[in-house]
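*Asks:* Following this message is one structure expressed as structure tokens.
The values are calculated or read from the model by the stated rules, or taken from the named source; none is laboratory data. Bear in mind the structure is a predicted one, so any value in this text is a computation, not a measurement. All Cβ positions, glycine included, derive from the backbone under ideal geometry; neighbour counts span all protein chains shown. Quick note on the areas: whole protein, heavy atoms, side chains included, nothing else; ligands and nucleic acids left out. Shrake-Rupley method; radii C 1.70, N 1.55, O 1.52, S 1.80 Å.
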Amino acid sequence: MRTPPHEVHFVAPARVNLLGEHTDYTGGLVLPMAIPFTTRAAISTPTDDCYHFASDLFPGTLTLTRGDRSLAHKQWTDYPVGVLRELQKLGIDPPPFSLHLSGNVPFGAGVSSSASVEVATAFALLAHAGKTLPLEEIALLCQRAENIFVHSPCGIMDQFAITAAHVGHALLLNTRDLTYEHLPMNTGKLAETCIVVCNSMVRHSVATGEYGKRRAESEQGQAVLLQTFPELRDLGDATLVQLENARDLMSPESYRRCRHLISDNGRVREARTAMFAGDPVAFGLLMLAGHASERDDFECSCEEVDFLVETASALPGCFGARLTGGGFGGCTVNLVERTHAEEFSAALRSAYKENFNINPDTFVCEAVDGAFARNANLYSEA
Ligand code: GLA
């Protein structure tokens, strides 16, 4: 592996999740795909002995000495510095660098701009240090950067999808053991569909705290289930019947969170079958059921997103729609017949504008490669 003498660029996409939401911190299944937004990490060797962080996406720059081990600075640089720290913990100490981040991933929209920054940074720093790591390790170290350095209690879905995704495929990931399967999106009638992403442009300020709260409620419910049924490893194994039997032992919130998580794991399994059968009707119904479950049981939707889902599902060519990502605003994903995509997007935008006086963004997306495939030539070059 070479150490880049000049500026070298590494890229990472964004992601949307098609099904299996919030399941990634209780051993469940997720079904994300990478979408064509890009974070670009340019790395070069500076004239001094420091680490430099800059970006045209965010204000402010940061310079650290190589021995610096300071805590988070509560600014955008925490994401790339968190990645550096995790590499250092693994004994990987990159030579001095200037890292510059750019790109077009929308922020705060639930398409995982932070994981995109982390993964692009990880590829750049690894190459600069002349090291390689398996893709699972890259995803995990980026998650640790976010959990430990940024103090955001996210699961593994975003970093894993952004690293491991394949063009034309969704990624079925079992978050218990990180086994995964690339599921084709071009079988049967599914080949005639695309994913329309719609950004509600709403980010409720409760988002950060509520994520941790939902996570705690889910984990409390999981703990009760594991105590009641010792054969269970996590919610990934649990059934709705077991949940009913343990209902009285947990809070009503934990019960509802677990009902969403267990039923969403089931929907991901059914979605896999629908994908191999090339059946967009079945897939779309699962998306709608997933949304209802997030809205009513997990309670992570909001009025604007519910409106988008309801409106979309009545439009011609739409098989299904749902909230994607952490929730409380952000984006919806819509499974739409490709020939209807433009007309669908325009109709959805205009209904939303009329109702909320907000102009939403819509993007017609196909699944793209994750960072591992996209940086392969630079990453593995000897
Ligand atoms: C955020 C987190 C993920 C996952 C989703 C919800 O995107 O970063 O780990 O929990 O929310 O599915």
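*Asks:* Do any GluC sites (Glu not before Pro) in region 298-382 lie in a DSSP loop with no more than 16 other beta carbon atoms within 10 Å, and if so, which?
*Replies:* Hits after loop and neighbour filter: Glu366, Glu381.
*Asks:* Got a number for the accessible area of Lys213? Probe 1.4 Å, square angstrom, nearest 10.
*Replies:* Probe radius 1.4 Å; accessible area of Lys213 about 110 Å².
*Asks:* Further, regarding this structure: Give the separation of the Cα centroids, region 53-76 to region 275-310, in Å.
*Replies:* Here the two parts' Cα centres lie 39 Å apart.
*Asks:* While we're here: Just the accessible area per residue of region 55-201, please: how many Å² with a 1.4 Å probe?
*Replies:* Accessible surface, normalised per residue, equals 35 Å².
*Asks:* Of the accessible area of the chain, with the probe set at 1.4 angstrom, what percent is carbon plus sulfur?
*Replies:* 53
*Asks:* Which whole-number percent is the relative contact order of region 143-221 (Cα, under 8 Å, 6+ apart)?
*Replies:* Value for region 143-221: 18 percent.
*Asks:* Let me check I have the definition right: for region 120-262, take the eigenvalues of the Cα gyration tensor, multiply each by 5, take square roots. What are those semi-axes in whole Å, largest first?
*Replies:* Each semi-axis is the square root of five times an eigenvalue, giving 31, 22, 18 Å.
*Asks:* Let me ask another. Go through region 190-267 and name the GluC sites (Glu not before Pro) that are in a DSSP coil and have 12 or fewer other Cβ atoms within 10 Å of their Cβ.
*Replies:* Qualifying residues, ordered by number: Glu231.
*Asks:* Place a +1 charge on the Cβ of each Lys and Arg in region 172-267 and a -1 charge on the Cβ of each Asp and Glu, then give the dipole magnitude about the Cα centre in debye, rounded to the nearest 20.
*Replies:* 320
*Asks:* Right, here's the next one. Which angle between 0 and 90 degrees, to the nearest 10, do you get for helix 135-144 versus the longest principal axis of the chain when only C-alpha atoms count?
*Replies:* The two axes meet at around 90 degrees.
*Asks:* Take every Cα pair under 8 Å in region 1-136 that's 6+ residues apart, average their separations, divide by the length, and report that relative contact order as a whole percent.
*Replies:* 35
*Asks:* Dipole of the chain (Lys/Arg Cβ +1, Asp/Glu Cβ -1, origin at the Cα centre): which of Leu135, Met250, Cys302 lies farthest to the positive side?
*Replies:* Result: Leu135, furthest along the dipole toward the positive end.
*Asks:* Here's something else I'd like to know. For the chain, what does the relative contact order come out to in percent, with C-alpha contacts under 8 Å and a separation of six or more?
*Replies:* 24
*Asks:* What chymotrypsin sites (Phe, Trp or Tyr not before Pro) in region 320-369 are in a loop by DSSP, with at most 13 other Cβ atoms within 10 Å of the Cβ?
*Replies:* none
*Asks:* Okay, moving on. Identify, among Thr23, Val368, Leu90, the residue whose Cα sits farthest towards the positive end of the charge dipole of the chain, taking +1 on the Cβ of Lys and Arg and -1 on the Cβ of Asp and Glu, with the dipole about the Cα centre.
*Replies:* With unit charges placed on the Cβ atoms, the residue in question is Leu90.
*Asks:* Something else about it: Please compute, over every Cα-Cα pair in the chain, the percentage with a separation greater than 39 angstrom.
*Replies:* Result for the distance tail: 17 percent.
*Asks:* Moving on. What is the dipole size for the chain, taken about its Cα centre, with +1 at each Lys and Arg Cβ and -1 at each Asp and Glu Cβ, in debye to the nearest 20?
*Replies:* 460
*Asks:* Where nothing but the Cβ of Lys and Arg (+1) and of Asp and Glu (-1) is charged, how large is the charge dipole of region 249-346 around its Cα centre, in debye to the nearest 20?
*Replies:* Approximately 460 debye in magnitude.
*Asks:* Let me ask another. Near Lys89, which lysines are there with a Cα under 18 Å away, not counting those fewer than 8 places off in the same chain?
*Replies:* Output for Lys89: Lys131.
*Asks:* Now, a different point. Among His340, Tyr79, Ala223, which residue has its Cα furthest toward the positive end of the charge dipole of the chain, with +1 on Lys/Arg Cβ and -1 on Asp/Glu Cβ?
*Replies:* Tyr79
*Asks:* I would also like to ask the following. Taking the 0 to 90 degree range and rounding to the nearest ten, how far is the long axis of helix 341-356 tilted relative to the main principal axis of the chain, both from C-alpha atoms?
*Replies:* Once rounded, the angle reads 80 degrees.
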